[in-house]
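The values are calculated or read from the model by the stated rules, or taken from the named source; none is laboratory data. Computed from a prediction, not measured in an experiment: that's the story for all the values here. Every residue, glycine as well, gets a Cβ built from its backbone with ideal geometry; the counts of neighbours run over all protein chains shown. Calculation scope for accessible area: heavy atoms of the full protein, side chains included, ligands and nucleic acids excluded. Shrake-Rupley method; radii C 1.70, N 1.55, O 1.52, S 1.80 Å.
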Amino acid sequence: MTALKKPLIAVNLKTYPEVSGARAVALAKVCESVSNETGVSIAVAPPMTDLAVVVQSVDIPVLSQHIDAVQQGSTTGHVPLGVVSACGGAGTLLNHSERRMRIADIASLVVDCRKAGLATIVCTNDIAVTRACAALEPDFVAIEPPELIGGDVSVTTANPAIVRDSVDAARGVSPGVGVLCGAGVKNGVDVAKASELGTDGVLLASGVVKAGDPRKALLDLASGFNE
Ligand code: G3P
């Protein structure tokens, strides 16, 4: 298991066809190579079915895209915490816009993940939810306005205020919490702006997964921390 360091680029591979099968491992290796080359911490969240093979293939933090608030054992078609832990995941996204959760379940999973040594990145959609989730003291919250996800305009350009205000809201209730932003993030300029707005990095998907040259895209994203 590899810890999440700040500043962080977290790459969610979602279930895009571009990363199905062996291609998730290939893209995770590109993330690893760029992380080693630049010294920037890059974590990858592969499709759930590829979690174990990606963990075995790279030496960067590998995240689950989700954990269900169910016990490991007599449950079918779920992702219990124990499964993610046993296969060597470094942590998990929780409450992604595409996989919303009840706050009571987020709260118990944040506690249980910490006990199990798993980092948590709790996704949020607005400032009030950011504040509520930061109060649960996850490792990170990640503000992602749903309407900007998968689009061409970065949240840092379309709505810098929601990023800045989320940073303030999160740190106001939980000074130690890391704050990421995401939705439409594509390049080093977006990363530099995210840093300027007070975040600890970005959470993105299509800007890497759908890039013609993911390595070039990642190098550009990582360069944003030097601007
Ligand atoms: O989990 C990251 C995601 O929701 C943002 O997606 O494609 O806008 O970078 P994208």
- Query: Can you tell me which residue in the range 48-63 is nearest to Ala119 (Cα to Cα), limited to those that are open to solvent by 20 Å² or more (accessible area, probe 1.4 Å) and touching a helix residue (DSSP H, G or I) at 6+ places or on another chain (Cβ under 8 Å)?
  - Reply: Asp59
- Item | When residues of the range 36-47 are limited to those that are in contact (Cβ under 8 Å) with a residue 60 or more places away in the chain and open to solvent by 30 Å² or more (accessible area, probe 1.4 Å), the one farthest from Asn95 (Cα to Cα) | Glu37
- Quick one: what pairs do we get from the range 7-25, first residue closer than 19 Å to Gln56 by Cα, second open to solvent by 50 Å² or more (accessible area, probe 1.4 Å) and more than 13 Å from the ligand (Cβ to nearest atom), C-beta under 8 Å, 6+ apart or different chains? Ala24/Val53; Val25/Val53
- Item | Enumeration of residues in the range 193-211 that are open to solvent by 20 Å² or more (accessible area, probe 1.4 Å) and more than 15 Å from the ligand (Cβ to nearest atom) | Ser195, Glu196, Gly198, Asp200
- Message: Among the listed residues Gly172, Gly178, identify the single one that is in contact (Cβ under 8 Å) with a residue 40 or more places away in the chain, away from the ligand (no atom under 13 Å from the Cβ) and out of contact with any strand residue (DSSP E or B) (no Cβ under 7 Å at 6 or more places or on another chain).
- Response: Gly172
- Message: Looking at the range 102-113, can you tell me whether even one residue there is open to solvent by 10 Å² or more (accessible area, probe 1.4 Å), in a loop (DSSP other than H, G, I, E, B) and of a type in the set (A, V, I, L, M)?
- Response: no
- By residue number, the members of the range 116-132 that are over 18 Å from Leu4 (Cα atoms), more than 15 Å from the chain's Cα centre (by Cα) and in a helix (DSSP H, G or I) are Ile127, Ala128, Val129, Arg131, Ala132
- Only residues that are within 15 Å of the chain's Cα centre (by Cα), part of a helix (DSSP H, G or I) and not hydrophobic (A, V, I, L, M, F, W, C): list them for the range 167-211, please. Ser206, Gly207
- Listed by first then second residue, the pairs whose first member lies in the range 144-166 and is in a helix (DSSP H, G or I) and within 12 Å of the ligand (Cβ to nearest atom), whose partner is open to solvent by 40 Å² or more (accessible area, probe 1.4 Å) and not charged (D, E, K, R), with beta carbons under 6 Å and at least 6 positions apart or on separate chains, are Pro146/Asn125; Leu148/Ala158
